[in-house]
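Below is one structure, written out as structure tokens, with a few remarks after it.
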Amino acid sequence: MTHHQLTHAYAVCKGIARRAARNFYYGFLVLPAEKRNALCAVYAFMRHADDISDDPATDVSQKRQKLTEWIEAAGRVFGGKPTDDPVLMALGDTQSKFKIPSELFEKLVYGTSLDLEIPQTPESPSLVCSTFEDLRHYCYYVASVVGLVCIHIFGYEDKKAEFLAEDCGLAFQLTNILRDVKEDAAMGRIYIPAEDLARSNLSAASFAPQILADPAQAQQLRPVLEFEADRARKYYESAQWLLQLIHEDSRGGFWVLVQIYGRLLEKITKRNYDVFTERVRLSTWEKLRLLARGFVLRIV
């Protein structure tokens, strides 16, 4: 593998991240070039796995086969085998350079396969989790493992950083779940635990399309959405401790990520948990302001 090939491989990953990582990419930009490239490689690897899982033209058994082939191909690269795939080429360099345990990538791919188990019936959405422990297990694979990969790139010495990274990943994913309630229900999936719904006398039927389409009826979900938001805020507290444990040149980038997701949660709260009439998002201008402050944090 030549320097030119590796440079091209990272450029391909950067292009994928710039197009698809609407929130994460802003955090990437604040990092030193080597760490930014590494996160782009990780993102591109994950994006390909997600695309396999989300492909409507492929049946579940074929998706599983393709995911298996994808992680096996990555494993060969980690073992020193050459590859022509630019994403795997960049990922192999990243894994070696930052000493990222290969099993974390296996867990990432496993996480993308979890939704394959869920029946997609929009007319009658299914509950994914019975308890919060079930949800935490799910979030570990789809989000907390991402945090563990990221801190290897950010750099840390204190093992406490690993537990904090898991909690931060959980906070981010809980925010995603709140923001995407309507979209997930439209795909037949409800990630809010059954035990939490029961506290408000709600059930899977409360997410039926005709209910979510009616703002007045959808408001019955507000108490349980508020409950999950309060839970997310507690996990965001881990971010301030993790910020002190990662290497200084990574703190600005991590701060931007936390601010973007934290402010999404703030917006959901200010809208009184109305995530049904329109998708909650930060504007490009809001993200650019955070990006500028992230660069200041990096240089002071």
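None of the figures in this text is laboratory data; all of them are computed from the coordinates on show. It should be emphasised that the depicted structure is a prediction, and the values quoted were computed from it without experimental measurement. No Cβ is skipped: glycine too gets one built from the backbone with ideal geometry, and neighbour counts run over all protein chains shown.
Let me have the relative contact order for segment 62-136, percent, based on Cα pairs under 8 Å that are six or more residues apart.
Reported as a whole number, the value is 23 percent.
Which three numbers, in whole Å and largest first, are the semi-axes of the equivalent ellipsoid of segment 48-135 derived from its Cα gyration tensor as √(5λ)?
30, 16, 9
Mind ranking 176-187, 125-136 by how tightly packed they are, going by the mean number of other C-beta atoms within 10 angstrom, highest first? Write out the running numbers ahead of the final one.
Details: 176-187: 18.8, 125-136: 17.1.
Per-residue mean Cβ counts within 10 Å order the peptides as 176-187, 125-136.
Could you size up the charge dipole of segment 236-300 around its Cα centre, putting +1 on the beta carbon of Lys and Arg and -1 on that of Asp and Glu, and report it in debye to the nearest 20?
Values: 11 positive and 7 negative charges, 49 e Å.
The dipole of segment 236-300 has a size of about 240 debye.
May I ask for the Kirkwood hydrodynamic radius of segment 131-195, worked out over all distinct Cα pairs and given in angstroms to one decimal?
Numbers: mean 1/r = 0.0793 Å⁻¹.
After inverting the pairwise mean of 1/r, the radius is 12.6 Å.
Translational D (Stokes-Einstein, µm²/s) of segment 81-226 at 37 °C and 0.692 mPa s when Rh comes from the Kirkwood sum over C-alpha pairs?
D, rounded to a whole number, is 192 µm²/s.
Roughly how many Å is it from the Cα centre of segment 207-252 to that of segment 29-82, as a whole number?
27
With a Cα-only, solvent-free Debye model of segment 1-101, what are the log10 I(q)/I(0) values at q = 0.10, 0.15, 0.24 Å⁻¹?
Taking Cα atoms of segment 1-101 as identical point scatterers yields -0.28, -0.61, -1.28.
Contact order normalised by length for segment 21-159, with contacts defined as Cα pairs under 8 Å and 6 or more residues apart; what percent is it?
Relative contact order for segment 21-159 comes out at 26 percent.
Hey, which of these cross-link pairs are over 21 Å Cα-Cα: Lys160/Lys234; Lys97/Lys159; Lys66/Lys107?
none
For every helix of n ≥ 4 consecutive DSSP H residues, a contribution of -39,500 (n - 2.57) applies; sum these over the chain, divide by its total residues, and give [θ] at 222 nm rounded to the nearest 500 deg cm²/dmol.
-22000 deg cm²/dmol
With no other cysteine's Cβ closer than 4.7 Å, which Cys residues of the chain count as lacking a disulfide-compatible partner?
Singleton cysteines: Cys129, Cys139, Cys150, Cys168.
For segment 121-203, with the dipole built from +1 on Lys and Arg beta-carbon atoms and -1 on Asp and Glu ones, taken about the Cα centre, which of His137, Ala198, Gly147 lies farthest toward the positive end?
Positive-end residue among those listed: Ala198.
Mean Kyte-Doolittle of at least -0.5 plus a Cα span of 30 Å or more along the axis: flag which DSSP H helices in the chain meet both, please.
Once both thresholds are applied, what remains is 33-54, 248-270.
Once the other residues with Cβ under 15 Å from the Cβ of Tyr156 are scored (Lys, Arg +1; Asp, Glu -1), what is the net sum?
Once all neighbours under 15 Å are counted, the net charge is -2.
Take peptides 243-255, 49-61 and line them up by average Cβ neighbours within 10 Å, highest first, as a rough protection proxy.
In decreasing order of mean packing, 243-255, 49-61 become 243-255, 49-61.
Of the options Phe227, Leu116, Leu91, report the single residue whose Cα projects farthest towards the positive end of the charge dipole of the chain (beta-carbon charges: Lys, Arg +1; Asp, Glu -1).
Leu91
Could you give the spread of the C-alpha atoms of the chain along their three principal axes, from largest to smallest, in whole angstroms?
Principal extents (Cα only, largest first): 60, 49, 34 Å.
Work through the residues other than Thr83 whose Cβ is under 15 Å from its Cβ and net out their charges, Lys, Arg +1 and Asp, Glu -1.
Values: positive: Arg76, Lys81; negative: Glu69, Glu72, Asp84, Asp85, Asp93.
That works out to -3.
Can you tell me which of 209-218, 266-275 comes out highest on packing, and rank the rest after it, using the mean Cβ neighbours within 10 Å?
The most tightly packed comes first, giving 266-275, 209-218.
Which three extents, in angstrom, do the Cα atoms of segment 193-299 have along their principal axes, listed largest first?
51, 29, 17
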